[in-house]
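One structure below.
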Amino acid sequence: MGVIEQARPEGWNRPAVITPTGDGELLEVAMGPHHPSTHGVFRMDVALDGERVIRLKPVFGYLHRNHEKIAESISYLGSMPYTDRLDYICPITNNWAYALAVEKLVGQEVPERAEYLRVILGELTRYQNHASSIGFLIQEMGASGTPLMYAFREREKILDLFEELTGARMMVNYMRFGGCRVDASSAWLDRTRKVVAGLGGFTDEFERLLATNEILMARTQGVGVLRADLAVNAGVTGPMLRASGVNYDVRKVDGYSIYNRFNFRVPLGDHGDVYDRFMIRLLEMRESIGILTQALKDIPGGPVMSPTAKIRGFRPKPGEAYGRIEAPKGELGFYLISDGGPNPYRYRVRPPSLINLTILEDMCLGHDVADVVLIFGSVDIVLGEVDR
Amino acid sequence: MKTVEEIKSAIKAALPGAVVEIAPNSSVSGQHSLRVASESAFAVAKFLRDDAELKLDFLSNVSGVDWPDSLEAVYHLFSMEKKHGPVILRMHTVNRTDKVELPSLTPLWRSAEFQEREVFDLYGIVFTGHPDLRRLLMWDEFKDYPMRRDYVDPDDFDYEPTAHDEVLKRVQAHQSAIAGQASSEVGAWV
């Protein structure tokens, strides 16, 4: 046959079925949809045996607005501002993934300066996403305020840069098929260099504050362990996957845009627990600073929009394309089918936030209900992308 | 990585009974896909996952597509171990109305669990063998499939306090449809 027989028993990738021992009271709790730790409107139906979680079913859809249907009824470019609203913490990377998919569909080249700008903005986005995600995680652990506000202080500097360049802090609508909407001035680049020069000091400060904190270590180490084989099978991507020790980063694997020009490492975890996920994000922040420094040094002059790019009457030839990037939360992909018309025939978002939640139950089973909040926080989701 | 033709002949060699054909992609992306008959889809998918050379251990994306005469599920497969991809697997239902079953690939790749639920929810493809096939985004009592191209909004105009133009026409059509039980509320809009 040539096929390796599956060594594992059937159903190895399903969550365990736990029968209550009868020691504690059986209780069903609906965590959410309005729970401060759910990052929006999200519900977990949790069955508890005393304090122990014996079943957990996530419930989605509170923020569903059928983004894909909207995109199929408007032009290709018309969806660009809508992608900002998917993962609203990282609008730049959403723009980028969509632009990349359309550029694949029509074979559009992107000028070098635009690629550099994309990388700079993308890595700034990654940095602020990871910083605020760590901040939220610590906030949910009970450290009210300080770490989150430290993270937001840096995020604010980065959002100011976004605002100056694109006109909006979050809803940037910055990329176009074949480049970027506006060019960055040299004053903006200088200011960015200044901000990036300060990020290293902040990362050190953040790490000193948190990494060896006794309470954080006690609450996170060994909690919410995700095995590498299950992570791969469940399609988990991004820092969560790498915290489980799987070396898979789309920036390295695909080398899309100009990422193969930069020198950076892919940090990997050992245990796949909440602490590893926290640490991987911290290490990725450092790698982002490295990429930013190189990109800001090398950025060439030139146009930011390809002269061959077509804006009006944009009708791709019939066909399809799947484009993906390494967004801060995982692999963000767009799958487009064109029938030759001005609207996509099929527009599909591959949302890393939703797919990373597939194994939420597996990670939470057997832990205390207080740890569910932490494990959920370590997944790092945004409901705008989960529900679309 | 192997080309689709080579993958197809590898499948044919390992599974002689499998019905596989190549669905060419005319766009410049050059991502051709493999169309499999739903009867042999599970075996083909298992082969693609376990074959030592392909090792497509990572199912990235599951999409539903609504074509005029059938529904389609498209699977984008990658390999995390060999770092290649995508291999695209597609399967069709017989029609759009009553024969909408396809085999679920969730037993092979857990990542299909929520995505197949979403396709079931929005397109109405029934995945046989799925361990927990419920609606994902819409509520359980919802009847229709919103991503189908012939989907019409339900006759519910509560959201439009001042109906005009096209919506007004639909309100009037709605009113005449429920003429017997027309309430003063509806009349107040017009």
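Work out the charge dipole of region B:4-148 with +1 on the Cβ of Lys and Arg and -1 on the Cβ of Asp and Glu about the Cα centre, then indicate which of B:LEU137, B:GLY124, B:SER63 is farthest towards its positive end.
Highest projection toward the positive end goes to B:SER63.
Choose one of A:CYS90, A:GLN294, A:GLY377: the residue whose Cα lies farthest towards the positive end of the charge dipole of chain A (beta-carbon charges +1 Lys, Arg; -1 Asp, Glu; about the Cα centre).
Of the options given, the answer is A:GLN294.
Tabulate in residue order the Karplus-calculated ³J(HN,Hα) for region A:130-136, using 6.51 cos²θ - 1.76 cosθ + 1.60 with θ = phi - 60°, rounded to whole Hz; enter x for Gly and Pro.
Whole-Hz 3J(HN,Hα) from phi for region A:130-136: 5, 4, 6, 5, 5, x, 5.
Between A:ASN247 and B:VAL126, how many nm apart are label points set 7 Å from Cα along the C-beta direction?
In this crude label model, A:ASN247 to B:VAL126 measures out at 4.7 nm.
Residue by residue, what Karplus-based ³J(HN,Hα) values in Hz, rounded to whole numbers, does region A:151-165 have, using 6.51, -1.76 and 1.60 with θ = phi - 60° and x for Gly and Pro?
Going residue by residue, I get 5, 5, 4, 6, 4, 4, 4, 5, 5, 4, 5, 4, 5, 5, 7 Hz, with x marking Gly and Pro.
When Cβ neighbours within 10 Å are restricted to other protein chains, what is their mean count per residue of peptide B:54-67?
Working: counts 0, 1, 0, 5, 11, 5, 10, 12, 5, 11, 3, 6, 3, 3.
Counting Cβ atoms of other protein chains within 10 Å of each residue's Cβ and averaging gives 5.
Calculated FRET efficiency, B:VAL152 and A:TRP12, Cβ-Cβ r, R0 41 Å, to nearest 0.05? All intermediate terms of the calculation are to be shown ahead of the outcome.
Details: r = 44 Å, r/R0 = 1.06.
Efficiency, from the Cβ-Cβ distance: 0.40.
Rounded to the nearest 20 debye, what is the charge dipole size of the protein assembly as shown about its Cα centre when +1 sits on each Lys and Arg Cβ and -1 on each Asp and Glu Cβ? Don't skip to the answer; put the middle values down first.
Working: 65 positive and 80 negative charges, 368 e Å.
It works out to roughly 1760 debye.
What is the distance in Å between the Cα centroid of region B:91-158 and that of region B:1-68?
Rounded to whole Å, the Cα centres lie 22 Å apart.
Given charges of +1 on the Cβ of Lys and Arg and -1 on the Cβ of Asp and Glu, with all other atoms neutral, how large is the dipole of region A:1-158 about its Cα centre, in debye to the nearest 20? Intermediate results must be reported in sequence, preceding the final value.
Working: 16 positive and 20 negative charges, 58 e Å.
Using Cβ point charges on Lys, Arg, Asp and Glu, region A:1-158 gives about 280 debye.
Can you list the residues, at least 5 places off or on another chain, whose amide H is less than 5 Å from the amide H of B:PHE127, using H built in the peptide plane?
When sequence neighbours closer than 5 places are left aside, the close amide H contacts are B:LEU102.
Separation of region A:153-214 and region A:82-123 by C-alpha centroid, Å?
16
Compare A:GLY78, A:GLY24, A:GLY122 in a GNM of chain A, Cα atoms joined below 10 Å, and give the one with the largest fluctuation.
A:GLY24
Work out from phi, with θ = phi - 60° and the Karplus expression 6.51 cos²θ - 1.76 cosθ + 1.60, the ³J(HN,Hα) of each residue of region B:120-133, listed in order in whole Hz, and give x for Gly and Pro.
Karplus-based 3J(HN,Hα) across region B:120-133 equals 4, 5, 8, 10, x, 7, 9, 8, 7, x, 6, x, 8, 8 Hz.
Using a 10 Å cut-off on Cβ to Cβ distances, tally the other chain neighbours for every residue of B:7-14 and report the average as a whole number. Don't jump to the answer; show the numbers that get you there.
Numbers: counts 0, 0, 0, 1, 0, 0, 2, 3.
Per residue, the average neighbour count from other chains is 1.
Assuming R0 = 45 Å, what is the FRET efficiency of A:PHE152 and B:ARG134, from their Cβ-Cβ distance, to the nearest 0.05?
Values: r = 38 Å, r/R0 = 0.83.
E(calc), rounded to 0.05, equals 0.75.
Can you put A:VAL172, B:VAL100 in order of Cβ neighbours within 10 angstrom, beginning with the fewest? All intermediate terms of the calculation are to be shown ahead of the outcome.
Details: A:VAL172 24, B:VAL100 18.
Ascending number of Cβ neighbours within 10 Å: B:VAL100, A:VAL172.
Run the quick spin-label model on A:ASN343 and B:ALA52: label points 7 Å from Cα toward the beta carbon, then report their separation in nm to one decimal.
5.1
Can you say what percent of the DSSP beta bridges in chain B, counting only those with both residues inside, are antiparallel? Round to 5. All intermediate terms of the calculation are to be shown ahead of the outcome.
Working: 19 of 25 bridges.
Expressed as a percentage, antiparallel bridges in chain B total about 75.
Tell me, how many Å apart are the Cα centres for region A:36-74 and for region A:320-350?
Answer, in whole Å: 23.
First check a/c for the protein assembly as shown, with a ≥ b ≥ c the square roots of the eigenvalues of its C-alpha gyration tensor; if it is under 1.5, answer rounded, and if not, answer prolate when a/b is larger than b/c or oblate otherwise.
Values: a/c = 1.18, a/b = 1.11, b/c = 1.06.
Taking the square roots of the gyration eigenvalues as a ≥ b ≥ c, the protein assembly as shown is rounded.
Order of A:PHE278, B:PHE42 from fewest to most other C-beta atoms within 10 Å? All intermediate terms of the calculation are to be shown ahead of the outcome.
Values: A:PHE278 25, B:PHE42 19.
Result, fewest neighbours first: B:PHE42, A:PHE278.
Would you calculate the convex hull of the Cα atoms in chain B and tell me its volume per residue in Å³?
Values: hull volume 30.1 nm³, N = 190.
Hull volume over Cα atoms, normalised by residue count, gives 158 Å³.
Just to be sure I understand: of the beta bridges DSSP finds with both ends in the protein assembly as shown, what percent are antiparallel, rounded to 5? Please report the intermediate quantities before stating the final value.
Details: 50 of 56 bridges.
Once the DSSP bridges in the protein assembly as shown are tallied, antiparallel ones form about 90 percent.
Amide H to amide H, which residues 5 or more places from B:ASN61 or on other chains are under 5 Å from it, using H placed in the peptide plane?
B:HIS76
Would you list A:PHE152, B:PHE47 from fewest to most Cβ contacts within 10 Å?
Details: A:PHE152 15, B:PHE47 22.
By the 10 Å Cβ count, ascending: A:PHE152, B:PHE47.
Summarise the partner chain shielding of A:315-322 as one whole number: the mean count of Cβ atoms from other chains within 10 Å of each residue's Cβ.
Working: counts 0, 3, 3, 3, 8, 12, 6, 11.
The shielding value for this peptide is 6.
Give the long-range amide H neighbours of A:MET305: residues separated by 5 or more places, or on another chain, with amide H under 5 Å away, using H modelled in the peptide plane at 1.01 Å from N.
Those qualifying (amide H under 5 Å, at least 5 residues apart or on another chain) are A:CYS180.
Using Cα atoms only, what is the angle between the long axis of helix A:91-106 and the major principal axis of chain A, expressed in degrees (0 to 90) to the nearest 10?
Around 60 degrees separate the two axes.
Once Lys and Arg get +1 and Asp and Glu get -1 on their Cβ, which of A:MET305, A:TYR259, A:HIS67 lies farthest toward the positive end of the dipole of the protein assembly as shown?
Sorting the options by dipole projection puts first A:MET305.
FYI, it's all coordinate maths here, none of it is from the lab. These numbers were taken from a predicted model, which means no experiment stands behind them. Please note: Cβ atoms are built from the backbone with ideal geometry, for glycine as well, and neighbour counts cover all protein chains shown.
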